[in-house]
Amino acid sequence: MDNKPSDTIAAISTAIGGGIAIIRLSGKDALKIAKSLFKPASDKCAYLSHRLYYGHIVNDGQVLDECMLSIMKAPRSYTREDVVEISSHGGLKSAELILAAVLSAGASLAEPGEFTKRAFLNGRIDLSQAQAVIDIINSKTELSHNQALNRLSGRLSAGIYKIREELLNLLAGVEAAIDYPEYDMDLESLPEQKETLNEIKKRITELIESGELGIILSQGLQTVILGRPNVGKSSLLNRILGSERAIVTEIPGTTRDVLRESVNVRGIPLNIVDTAGLRDTDDIVESLGVAKSLEYAKDADLLLYVLDASSPLDAEDLDHLIALSNKNIMLIINKVDLERKLEPGSFPHNFRELYESAAQISAAQNSGIDKLFAAIYNLFAKNRLTLENTAMISNTRDMDSLKKALYHVNGAISTLEDGLSADIAAIDIREAYIYLGQILGESLEDDIIDRIFSKFCLGK
């Protein structure tokens, strides 16, 4: 990849309206440009690295603001280039005027994520760590924040580097068997090679399994509330959110469109969709809402299916549960404060376990909600891993690379077990090595790299 930057970039790196605004520069002329605008309060200003200097930004004889100037010379900086940060008063105009002066002095406006992209291109961080930066910025819960910090520290990268090193050593052995057949180094006579591959398979499998939760922590658990009209879906949403977000009435069919909200449930971010009640209806608008409800259910990570404890099991409910039985369903039995008419015996045998593990709540009295939260947490986190000490992938691109790497590791194992030639095993081992490298940013096309960093904010 030969696209290392050579120009000096600049951008406002803080949110508009805060008490302080930071204008960041990076590149070979960063200090030169800053010095052309900065007037230090002391004539002893030496512009040393990793020092703060007080003064003013002056452009064409006009003082734009008083500021602090921080200098970080290469390679001891975020981008491994010369980096200068101008800390001025917050607000909109002051920061804009300073940025305009910096650009006029020779800097180029940074693209979204370009500072972090330069850190990646200059070898300070790998792609996994770079993506952790945006995950830290976008994290919605403490768990997702801690996971992003784990990845930024290089914990995930170190594990992948280790696996790739073992694959490389394995590949060297295979190549030696091909190039020097007279030494009888065929893999079939080297059981330790099979043992190594099986250990690699185990570790990649663990990364895939933990990555399912990592993606949830990063992107949120796509959760859909389903059920017939008037079972309390909107009331449940309000209790989960802790606010009266959805309209609640006794009139069936009140919710006709979807409501989307996000909430933190014991560290698991939920992207909740409240849907129209599932029933046959002649109302065109309501029927469209029902169709949309079922469409959202198909793509959900978790379905919260709500039943009314004060009503017998409806045949439509059973039909929907059967149709959605391949999804992650958590049964919510609402209105347990009323006379119970929902009987366990009305559920088919294969749904008894679902009924027995159901969350028993009263949305009207706000009871049982804590137990529901505990059940959601247990379903996706408890006993699966130690969240504080594990670094997990956080996006579907890396998950796809892991699955492809595992596919080729399995292919190499099958080759050895079937007694096929070593060069076939070498093909699969090499492919696994390449796919794991993609997680770290190796062997990726420039347009893919650009697409990843375009998701960052300006100034980062």
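The values are calculated or read from the model by the stated rules, or taken from the named source; none is laboratory data. None of these values were measured; they are calculated from a predicted model. Neighbour counts are summed over all protein chains in view; Cβ atoms, including those assigned to glycine, are modelled from backbone coordinates with ideal geometry.
Contact annotation: residue pairs with Cβ atoms under 8 Å, 6 or more positions apart or on different chains, pairing a residue in the range 38-63 that is assigned by TED's automatic domain parsing to the domain that holds Arg76 and assigned to a loop (DSSP other than H, G, I, E, B) with a partner that is surrounded by fewer than 15 Cβ atoms within 10 Å (Cβ to Cβ) and at pLDDT 95 or above, are Ala41/Tyr54; Ser42/Tyr54; Ser49/Arg76; His50/Arg76.
Pick from the range 80-95 the residues that are assigned to a helix (DSSP H, G or I) and in contact (Cβ under 8 Å) with a residue 60 or more places away in the chain: which of them is nearest to Ile22 (Cα to Cα)? Step through it out loud before you land on a result.
Step one: filter the range 80-95 for residues assigned to a helix (DSSP H, G or I), giving 93-95.
Right, trim to in contact (Cβ under 8 Å) with a residue 60 or more places away in the chain and you get 94-95.
Values: Ser94: 10, Ala95: 8 Å.
Filtering first and then ranking leaves Ala95.
For the range 320-340, give me each residue that is assigned to a loop (DSSP other than H, G, I, E, B) and either outside the structural domain of Leu304 (by TED's automatic domain parsing) or of a type in the set (Val, Ile, Thr) (or both). Give the steps one after another, and end with the answer.
Just the residues of the range 320-340 that are assigned to a loop (DSSP other than H, G, I, E, B), to begin with: 324-328, 335-340.
Correct list: Val336 only.
Pairs meeting the criteria (first residue in the range 418-434 and outside the structural domain of Leu197 (by TED's automatic domain parsing), second residue surrounded by 21 or more Cβ atoms within 10 Å (Cβ to Cβ), beta carbons under 9 Å, at least 6 apart or on different chains) are lacking.
Conditions (1) of a type in the set (Val, Ile, Thr); (2) under 30 Å from Leu197 (Cβ atoms); (3) outside any helix (DSSP H, G or I), marked per residue:
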position	(1), (2), (3)
Tyr78	no, no, yes
Pro112	no, no, yes
Phe120	no, no, no
Ile125	yes, yes, yes
Gln129	no, yes, no
Ile137	yes, no, no
Ser157	no, yes, no
Tyr161	no, yes, no
Leu170	no, yes, no
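Looking only at residues of the range 337-358 that are under 14 Å from Asp308 (Cβ atoms) and among the hydrophobic types (A, V, I, L, M, F, W, C), we find that the one that is surrounded by the fewest Cβ atoms within 10 Å (Cβ to Cβ) is Leu338.
Can you confirm whether the range 120-128 contains a residue that is under 15 Å from Ile9 (Cβ atoms), out of contact with any Phe, Trp or Tyr (no Cβ under 6 Å at 6 or more places or on another chain), at pLDDT below 95 and not hydrophobic (A, V, I, L, M, F, W, C)? Yes, that holds for at least one residue.
Could you tell me whether any residue of the range 301-319 is buried (at least 16 other Cβ atoms within 10 Å of the Cβ) and in a helix (DSSP H, G or I)? Yes, the range 301-319 has at least one match. Looking across the range 56-85 at every residue that is crowded, with 21+ Cβ neighbours inside 10 Å and among the hydroxyl-bearing types (Ser, Thr, Tyr), the one that is farthest from Ala10 (Cα to Cα) is identified as Ser77.
Tell me, yes or no, whether the range 341-355 has at least one residue that is in contact with a strand residue (DSSP E or B) (Cβ under 8 Å, 6 or more places away or on another chain), of a type in the set (Phe, Trp, Tyr), not assigned by TED's automatic domain parsing to the domain that holds Leu237 and not in a loop (DSSP other than H, G, I, E, B). Checked against the condition, which is being in contact with a strand residue (DSSP E or B) (Cβ under 8 Å, 6 or more places away or on another chain), of a type in the set (Phe, Trp, Tyr), not assigned by TED's automatic domain parsing to the domain that holds Leu237 and not in a loop (DSSP other than H, G, I, E, B), the range 341-355 yields no hits at all.
Each residue in the range 6-20 was checked for being more than 27 Å from the chain's Cα centre (by Cα) and either assigned to a loop (DSSP other than H, G, I, E, B) or at pLDDT below 95 (or both), and 6 of them qualify. Candidates in the range 39-55 are the residues that are farther than 22 Å from Arg76 by Cα and of a type outside the set (A, V, I, L, M); of these, the one that is surrounded by the fewest Cβ atoms within 10 Å (Cβ to Cβ) is Asp43.
Listed by first and then second residue, the pairs with beta-carbon distance under 7 Å, at least 6 apart or on different chains, first residue in the range 218-236 and closer than 15 Å to Val265 by Cβ, second of a type in the set (A, V, I, L, M, F, W, C) and in a loop (DSSP other than H, G, I, E, B), are Gln222/Ala300; Thr223/Ala300; Val224/Ala300; Leu236/Ala363.
Just give me the residues in the range 99-110 being in a loop (DSSP other than H, G, I, E, B) and buried (at least 22 other Cβ atoms within 10 Å of the Cβ), in sequence order.
If we filter the range 99-110 for residues that are in a loop (DSSP other than H, G, I, E, B), which is where we start, we get 105-107, 110.
Passing the criteria: Ala107, Ala110.
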